[in-house]
Amino acid sequence: MEINELAKHAGEWLRGEGPESDIIISSRIRLARNLADFPFTNRASTEQMAEISELLHDRIIRLDVNGGLSYFDLSTLSPLDLEFLVERHLISKEHAESEGARGVAINEQETVSVMVNEEDHLRIQVLKSGFQLGETWEIIDEVDDAIDRELNYAFSAELGYLTACPTNVGTGMRASVMLHLPALLFTRQIDKVITAVGKMNLVVRGLYGEGTQYAGSLYQISNQVTLGKSEEEILDNIVSTVPQIVRYERRAREMLLSQNRAKLEDRVYRSLGMLKSARTISSSETITLLSHLRLGINLGLIEMAIGQVNQLFIRALPAHLQKMEGTELGPEERDAARATFIRKSVGDIL
């Protein structure tokens, strides 16, 4: 599989399928793992990083998990390709921007990605559409076990899995769900929800995780603590908390329909009009307008396929646009190309 092949389709997590997929876009679990015989990446020499990368490459590509994995050497990819992988949530921004021997293994459905020499030697990730943390855990547990049979993980009987960042010690697990919460934002209840989530030892982040801003009413909710917690306890906390947020969002949507329907419809149809007619449009404005459009679809105001709209959130980003255009574009050229792409895409969907 080549990088350019990924641009021809969208990952499974964008299909708009699975439980509660009108509000919960995706479920993700990430495991941090390190090799016992090597120092952490922040202490490893250039030679050791290369040795780790070669070792993990050889072991990972022969794993028979989820139809097999394709390996990409990140040190050989262009900045555009690296940004493209970040936009698809297959590698982290830090992984893209670091230097030296590193890579990522990805399956064809993009449900599984295994980052090599990120903050830890291994960052195993599974990403599924909708509210499917249980299924996501089953897959990542299988992948983790398969890798564990091939390698010797750094593990302490007292502390659990040893990681470069102390906050990941223990299970090494970060579980999260990505939610679309426009009604809570419109009704100014979102800050109360974020505060309440924090009291449950969970944290709210933006579209691309830690350090990123909220955009398009998209929020990631994940566990904050790994040490002293089992995988089951971490998952149970999220599984018991997220449905409450979903209920709050549904109530807020019902309130908007009953009390502010005209204003809601105006916002949705203005957004649709902008998407269908704009000649130049930025990434941030596109995400905001698509968020309004997605809400309108879920409320039955507009008939469109939700999975196709989900894909537009990613395909309208800078690296994806340039991949589709087949050339690098400056900011103004991207805004014009984005507007053209969005106009055609929305027209084809309607």
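The values are calculated or read from the model by the stated rules, or taken from the named source; none is laboratory data. Just so we're clear, the structure is a prediction, and the values are computed from it rather than from any experiment. Here the Cβ positions follow ideal geometry from the backbone for every residue, glycine too, while neighbour counts run over all protein chains shown.
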Checked against (1) part of a helix (DSSP H, G or I); (2) under 25 Å from Pro166 (Cβ atoms); (3) not basic (Lys, Arg), Val204 satisfies every condition except (1)
Could you tell me whether Asp64 is at pLDDT 85 or above and assigned by TED's automatic domain parsing to the domain that holds Glu118?
no
Of those in the stretch 101-110 that are in contact with a helix residue (DSSP H, G or I) (Cβ under 7 Å, 6 or more places away or on another chain) and either buried (at least 16 other Cβ atoms within 10 Å of the Cβ) or among the acidic types (Asp, Glu) (or both), the residue modelled with the lowest pLDDT is Glu110
Restricting the first residue to the stretch 140-165 and requiring it to be under 11 Å from Leu35 (Cα atoms), which pairs with a second residue that is of a type in the set (Ser, Thr, Tyr) and surrounded by fewer than 14 Cβ atoms within 10 Å (Cβ to Cβ) meet a Cβ separation below 7 Å and a spacing of at least six or different chains?
Leu162/Ser156
Residue count, the stretch 62-77, condition touching a residue at least 40 places away in the same chain (Cβ under 8 Å) and either within 14 Å of Asp148 (Cα to Cα) or part of a helix (DSSP H, G or I) (or both), comes to 3
Restricting attention to the stretch 98-152, which residues are of a type in the set (Phe, Trp, Tyr) and in contact with a Pro (Cβ under 8 Å, 6 or more places away or on another chain)?
Phe131
Here the residues within the stretch 17-41 that are of a type outside the set (Phe, Trp, Tyr), over 15 Å from Asn168 (Cα atoms) and in a loop (DSSP other than H, G, I, E, B) are Glu17, Gly18, Pro19, Glu20, Ser21, Asp22, Ile23, Ala36, Asp37, Pro39
Cβ-Cβ under 9 Å pairs, at least 6 apart or on other chains, the stretch 271-299 side more than 19 Å from Glu20 (Cα to Cα) and not assigned by TED's automatic domain parsing to the domain that holds Ala183, far side β-branched (Val, Ile, Thr) and part of a loop (DSSP other than H, G, I, E, B)
Leu272/Ile302; Met274/Ile281; Leu275/Ile281; Leu289/Ile281
Using the structure shown, decide if Asn260 is at pLDDT below 95, closer than 17 Å to Leu181 by Cβ and either surrounded by fewer than 19 Cβ atoms within 10 Å (Cβ to Cβ) or of a type in the set (Gly, Ala, Ser) (or both).
yes
